[in-house]
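Trainee: Structure provided below as structure tokens; questions to follow.
The values are calculated or read from the model by the stated rules, or taken from the named source; none is laboratory data. If you're wondering where the values come from, they're calculated on a predicted model, not measured in any experiment. Neighbour counts are summed over all protein chains in view; Cβ atoms, including those assigned to glycine, are modelled from backbone coordinates with ideal geometry. Protein only, heavy atoms only, side chains kept; ligands, DNA and RNA dropped before computing areas. Shrake-Rupley method; radii C 1.70, N 1.55, O 1.52, S 1.80 Å.
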Amino acid sequence: MKTCPLLTTSIIYDTISNVTKAEKLERRIRENPENTALEDLESVINRYGKIVFGGNHPKAVIGGHVFPYKRENPVKAHYVEKILEMIDELKGEDSVSEK
């Protein structure tokens, strides 16, 4: 089966672009956690873990941590900061396990 080099290049480029967009979004949230849109926060949560719905509030599940948060727009800064701490801890564990 032949593959189209143009299609393959396009898929690779799209993947690189998406990572860049995700990194820019995370950086923007870190720079200003007081003004974070719900959609942006949930996008970052899904990049590093998942969101479990049920009960009164959804729960961010990142690594071995579970943290409930309110779905309001903009998201309160203390929710954002706690979720970023969970991500930082996950990144720290990843860099230790890669060595």
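Trainee: Scan segment 39-62 for residues that are surrounded by 12 or more Cβ atoms within 10 Å (Cβ to Cβ) and more than 12 Å from the chain's Cα centre (by Cα) and jot them down.
Mentor: Within segment 39-62, V52, H57, P58, K59 meet the criteria.
Trainee: Can you tell me how many residues in segment 68-89 are open to solvent by 40 Å² or more (accessible area, probe 1.4 Å) and in contact (Cβ under 8 Å) with a residue 12 or more places away in the chain?
Mentor: Count: 9.
Trainee: Going by the conditions given, is I62 closer than 16 Å to R28 by Cα and touching a residue at least 12 places away in the same chain (Cβ under 8 Å)?
Mentor: Spelling it out, it is not the case that I62 is closer than 16 Å to R28 by Cα and touching a residue at least 12 places away in the same chain (Cβ under 8 Å).
Trainee: To continue, here is another question. Which one is nearest to E26 (Cα to Cα) among residues in segment 40-59 that are touching a residue at least 24 places away in the same chain (Cβ under 8 Å) and assigned to a helix (DSSP H, G or I)? Step through it out loud before you land on a result.
Mentor: Of all residues in segment 40-59, those touching a residue at least 24 places away in the same chain (Cβ under 8 Å) come to 41, 44-45, 47-49.
With the extra rule that they be assigned to a helix (DSSP H, G or I), the set shrinks to 41, 44-45, 47-48.
Working: L41: 8, V44: 7, I45: 10, R47: 10, Y48: 11 Å.
In this case the residue turns out to be V44.
Trainee: A further question follows. Kindly check whether there is at least one residue in segment 61-74 that is closer than 16 Å to T36 by Cα, at pLDDT 95 or above and not in a loop (DSSP other than H, G, I, E, B).
Mentor: There is no residue in segment 61-74 that is closer than 16 Å to T36 by Cα, at pLDDT 95 or above and not in a loop (DSSP other than H, G, I, E, B).
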